[in-house]
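Trainee: The structure's right below; bear with me while I get my questions together.
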Amino acid sequence: MTGSTDDREKLQVWCAGEDWCPVTTTALLVGKKWHPVVIHRLLDEGPSGFSELEDSVDGVSSKVLSEVLDDLESKRLIDREIVSEKPVRTEYSLTDHGESLEPVISAMRDWGKRHITEPEDPGVSLV
């Protein structure tokens, strides 16, 4: 996770307001329900296969996880590699671009630890 992001790695996004554009762009990348969870798992556990991710991201369906991985790959946040073992498997890892989200994901985790408590009514949830 060393080095700086050069112009080729920067996202090309048009925004009208310089004050909010960077926040909006980041929110578009990690604001979807499962995106930050998958990034967090890859940060914590390193490269993982589909089944490993499915097991560690509790509550996500195979279909949704597949869509999330495709979306994160299209945004250059993760790499997909075919590992030629028997049986052949797919392994997912963060790109340098994806790893650069570590402070954002850590801040989200830390904020949650400070401000989220168990609901009084187990049937009620924020999400």
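The values are calculated or read from the model by the stated rules, or taken from the named source; none is laboratory data. Remember, it's a predicted structure, so these values are computed and weren't measured experimentally. Positions of Cβ are backbone-derived with ideal geometry, glycine not excepted, and every protein chain shown enters the neighbour counts. Surface areas here come from the heavy atoms of the whole protein model, side chains and all, with no ligands, DNA or RNA. Shrake-Rupley method; radii C 1.70, N 1.55, O 1.52, S 1.80 Å.
Trainee: Can you name the residue in the range 82-109 that is of a type in the set (D, E, K, R) and modelled with pLDDT of 95 or more and, of all such residues, is most open to solvent (accessible area, probe 1.4 Å)?
Mentor: Ranking the qualifying residues of the range 82-109, first place goes to Asp96.
Trainee: With the structure loaded, tell me whether Arg41 is at pLDDT 90 or above, touching a Ser or Thr at 6+ places or on another chain (Cβ under 7 Å), in a helix (DSSP H, G or I) and not polar (S, T, N, Q) or whether it fails that test. Write out each step before concluding.
Mentor: Working: at pLDDT 90 or above: yes; touching a Ser or Thr at 6+ places or on another chain (Cβ under 7 Å): yes; in a helix (DSSP H, G or I): yes; not polar (S, T, N, Q): yes.
Yes.
Trainee: Now, a different point. Take the conditions hydroxyl-bearing (Ser, Thr, Tyr), farther than 21 Å from Lys33 by Cβ and within 17 Å of the chain's Cα centre (by Cα) and apply them to Ser106. Does it pass?
Mentor: Details: hydroxyl-bearing (Ser, Thr, Tyr): yes; farther than 21 Å from Lys33 by Cβ: no; within 17 Å of the chain's Cα centre (by Cα): yes.
No, not satisfied.
Trainee: Working carefully through the options Val64, Val60, Val68, find the one that is surrounded by 10 or more Cβ atoms within 10 Å (Cβ to Cβ), part of a loop (DSSP other than H, G, I, E, B) and in contact with a Lys or Arg (Cβ under 9 Å, 6 or more places away or on another chain).
Mentor: Val60
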